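Data first, discussion second: the structure below is written as structure tokens.
The values are calculated or read from the model by the stated rules, or taken from the named source; none is laboratory data. Quick caveat, the model's predicted, so the values are computed rather than measured. Don't worry about glycine lacking a Cβ; one is built from the backbone with ideal geometry, like all the others, and counts go over all protein chains shown. Heads up: the accessible areas ignore ligands, DNA and RNA and are worked out on the full protein's heavy atoms, side chains in. Shrake-Rupley method; radii C 1.70, N 1.55, O 1.52, S 1.80 Å.
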Amino acid sequence: MTDPKEGSIVIIGSGLIGRSWAMVFASGGFKVRLYDIVKEQVTAALQDIRKQMEELQKSGMLRGNLSSEEQISLISGFTELKLALEGAIFIQECVPENLELKLKIFSDIDRYVNDSAIISSSTSCLSPTKMFNGLRHVKNCIVAHPVNPPYYVPLVELVPHPQTEQVTVEKTYTLMKKIGQSPVKLMKETDGFVLNRLQYAVISEAWRLVQDGVISPRDVDTVMSEGLGMRYAFLGPLETAHLNAEGILGRAD
Ligand SMILES: NC(=O)c1ccc[n+]([C@@H]2O[C@H](COP(=O)([O-])OP(=O)(O)OC[C@H]3O[C@@H](n4cnc5c(N)ncnc54)[C@H](O)[C@@H]3O)[C@@H](O)[C@H]2O)c1
Ligand SMILES: *[C@@H]1O[C@H](CO)[C@@H](O)[C@H](O)[C@H]1NC(C)=O
Ligand SMILES: *[C@@H]1O[C@H](CO)[C@@H](O)[C@H](O)[C@H]1NC(C)=O
């Protein structure tokens, strides 16, 4: 996976997330195969990617070291899964959030890929156990959950299945770094992964404060956008606690 010339990244599903992933991988110099069951969707995706990349180049916002033309030429469209998967080194699934559909896709992919390809899902809330149980290549399966849109938001949550091999996690981590994303590793699966768990905690406290008559909905949002959110754009909650007062270890409670 170190030489971008070797093998391809295959994106399954050319919707919102699939297009953005395709652009991120191409910006890192990887050959990208974009697959969708709907032919018009692939055509539209390739056109949309070209338009986006040309605009990004004009405004100086294009990611990576290659020109938009060079990046566009790395991406090709496919409507036949078996063909798309030839030479695949890393597969990023981006089909709609529907367990039945994902199970069908993963069992098809499992049949066509070789033993070193990594099979990764963009799912926002389906567990690796539900999606990957029983697959022949389960040790190569992982969730790489992006934040929409991955082209602009670097965080990727890596979530293993209990049978995912550590080398799969490490290879995925290295690949994500290489294309300029910011991966984090979950040690085990958990509902909502981590970003959404933190987000839900904030949302429920916001509701509670409004419900208890402490603050208006508008003002609770201002607390976040004009205060706490500004801090959290730079520092995590644990760093913040550490930098406060005598530091996190000085806290008796
Ligand atoms: N949109 C977000 O904010 C967001 C954020 C993080 C993760 N995700 C996850 O990414 C995944 C994709 O979401 P999206 O917003 O891009 O969806 P989308 O509806 O925009 O795109 C889905 C694409 O999959 C295609 N598709 C449907 N069935 C297919 C099949 N059998 N084989 C191949 N392609 C098929 C559709 O034609 C469509 O192009 C979901 O699992 C979602 O939970 C979404
Ligand atoms: C761009 O080039 C620099 C310097 O060679 C390198 O460090 C960086 O990883 C490259 N970026 C991408 C996305 O390939
Ligand atoms: C799997 O395919 C990729 C891409 O063609 C290739 O680089 C890799 O060596 C293959 N691995 C095995 C175990 O066949």
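Table for the structure above
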{"item": "Part-to-part distance (alpha-carbon centres) for segment 179-223 and segment 28-78, which is given in Å", "result": "33 Å"}
{"item": "Helix 166-178 axis, angle to the chain major axis (alpha carbon atoms, nearest 10°)", "result": "90 degrees"}
{"item": "Length-normalised contact order of the chain in % [C-alpha pairs under 8 Å, at least 6 apart]", "result": "15 percent"}
{"item": "Inter-label distance, nm, simple model (7 Å from Cα along the C-beta direction), K82/A241", "result": "5.5 nm"}
{"item": "Most to least accessible of L198, L46 (protein chains only, probe 1.4 Å)", "result": "L198, L46"}
{"item": "Residue-span extension gain [R197 to T129] - 0.36 nm each, minus C-alpha spacing", "result": "22.6 nm"}
{"item": "Rg(Cα) / (2.2 N^0.38 Å) computed for segment 195-251, rounded to two decimals", "result": "1.29"}
{"item": "Crossing angle, helix 16-27 versus the chain [Cα axis fit, 0-90 degrees, rounded to tens]", "result": "70 degrees"}
{"item": "Hydrodynamic radius by Kirkwood, which averages 1/r over all alpha carbon pairs of the chain, in angstrom", "result": "19.8 Å"}
{"item": "0 to 90° range, to nearest 10: angle between helix 195-211 axis and the chain longest Cα axis", "result": "40 degrees"}
{"item": "Cross-link reach list, lysines versus K178, counting only Cα pairs under 26 Å and skipping chain neighbours closer than eight places", "result": "K5, K31, K51, K58, K139, K188"}
{"item": "Surface share of carbon and sulfur [accessible, 1.4 angstrom probe, percent] for segment 1-132", "result": "53 percent"}
{"item": "Nearest-0.05 FRET efficiency for E40 and M187, computed from C-beta distance (R0 41 Å)", "result": "0.50"}
{"item": "222 nm mean residue ellipticity, helices alone, for the chain (DSSP H n ≥ 4; -39,500 (n - 2.57); rounded to 500)", "result": "-12500 deg cm²/dmol"}
{"item": "Full-extension gain in nm, D212 to Q166, via 0.36 nm per residue minus C-alpha separation", "result": "11.9 nm"}
